[in-house]
Amino acid sequence: MGFMVAEIAPLVTVLLIALRSSSAINAEIAVMKVNNELNTLAVFRIDIINYLFPPRVISGIASVVLLTCPFALIVLTCGLIYSGFFSICPPAIISPHYWNRPIFLI
């Protein structure tokens, strides 16, 4: 359970956010280039890199941090439901009386 919460949940959340957000940011910058908005920022002597990218990076970090907790809770809840309904070992096999019983080979 600790591995799931500490390692897998943040990794999957980062992958989902990176895949979703990177394409959206690329499309937005491409549209800004086509509409000459980047040239307008350059005419006003506004640094394009410092103006466009830090807000996107900060929002990406904040969204990963805020979405990791709900993702971990959902995964743990689904695991609990799955283990309750589809138990791999029936309770009789886990019981020590199962292993201490006599075996008749006839």
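Coordinate-derived values only; no laboratory data. Owing to the predicted nature of the structure, the values given are computational and were not obtained by experimental measurement. Here Cβ is always computed from backbone atoms with ideal geometry, including for glycine, and neighbour counts include all displayed protein chains.
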Return only the number of the condition from (1) surrounded by 11 or more Cβ atoms within 10 Å (Cβ to Cβ); (2) in a helix (DSSP H, G or I) that Ile46 does not satisfy. (2)
Which of the residues belonging to the stretch 17-60 are of a type in the set (Gly, Ala, Ser) and either closer than 24 Å to Phe71 by Cβ or in contact (Cβ under 8 Å) with a residue 24 or more places away in the chain (or both)? Ala18, Ser21, Ser22, Ser23, Ala24, Ser59, Gly60
